[in-house]
Every structure is written in structure tokens, then in C-alpha cells.
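First up is the structure itself, then whatever we jot down about it.
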Amino acid sequence: MPAGSRGPGSLRRSSQAAGCAPIVRAWQQGADHAEFWKDAHTVAAGIRVPGAIGDFLILQAVRESGGFAIAVEDGEIQQDLAEVSKTEGLLLCPEGAATYAAWRAALADCRVAPHENVLLFNCASGLKYPLPP
């Protein structure tokens, strides 16, 4: 590959809940470290991290790969969790649904193209939360 080119899947993207998005805020501000997020709240308890120890590593990976950081609202997380359970038969955790909501938002604003391969992580069990309708 030519210097400076990227192979498939090489962009790093970070998604967080809007009620606790210190990495997203730091990325938007061009900061090297994420400031502590006061009054953190989200339905996705596993990503409610108001102060990440490796914040600078996350920000570095996102920037060096030409990626981006995006925040999604709890309503989007809950809506997409229900949608995926109905359409795909998957019981996502809210943290996993946050990645799906972020992917849909990135498709809508053209930060991700429909032909791109995207890997979404469902990093916990949906059984720890109330079941979707």
C-alpha cells in the first residue's frame, strides 16, 4: 500500500452516550486528554466512564487513523436496541446498541459510507438489563 493510505477497517471511531462523553468532547476540542465529565448519566452503565485512564491513547488512535468520535442520546440507544432485537433477533446490551446508534448517525451524516465494512462491538450481555418490547 502507498504511504499514507489506509487498509480496510483501519479507521478508529469512538462512540459514547451523550450524557457521558468526555472522549467525544476532547476529540472535538482537539485536546490530548479528556476532562472529567460531571453528572455523568446514561442507560448504558458500562460506558458511563466520566474519567478514562487511557483517554490519551484513545484520542491518539482515533486521530492518527483519521477517525472520529461521536455521542448518541439515550433515546437513540433504547430505540436501536429494540430495532435490532426485532429485525435481527439479537439481544444487545445498551452499550452495544450505542455503537449501532453511532453507526446509523455516521451513515446519516456521511462520515461512514454505505459500502464501508464496519465492525460494531456488543461488549456485554443484554440479559443484565430489562428486555426490549
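The values are calculated or read from the model by the stated rules, or taken from the named source; none is laboratory data. Model, not experiment: these values are computed from the prediction. Every residue, glycine among them, receives a Cβ derived from its backbone with ideal geometry; neighbour counts consider all protein chains shown. Remember, those area values only see protein heavy atoms, side chains included, never the ligands or the DNA or RNA. Shrake-Rupley method; radii C 1.70, N 1.55, O 1.52, S 1.80 Å.
Here are the numbers for the structure shown:
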item	result
Qualifying positions in the range 101-119 - modelled with pLDDT under 90 and in contact with a helix residue (DSSP H, G or I) (Cβ under 8 Å, 6 or more places away or on another chain)	VAL118
Every pair of residues 6+ apart whose Cβ atoms lie under 6 Å, when the first sits in the range 32-44 and is free of Cβ contacts under 8 Å to residues at least 24 places away in the same chain while the second is open to solvent by 100 Å² or more (accessible area, probe 1.4 Å) and in a loop (DSSP other than H, G, I, E, B)	ALA40/ARG48
Selected residue [more than 19 Å from HIS41 (Cα to Cα), open to solvent by 20 Å² or more (accessible area, probe 1.4 Å) and over 17 Å from the mean Cα position of the chain (by Cα)] from LEU131, LEU107, LEU119	LEU131
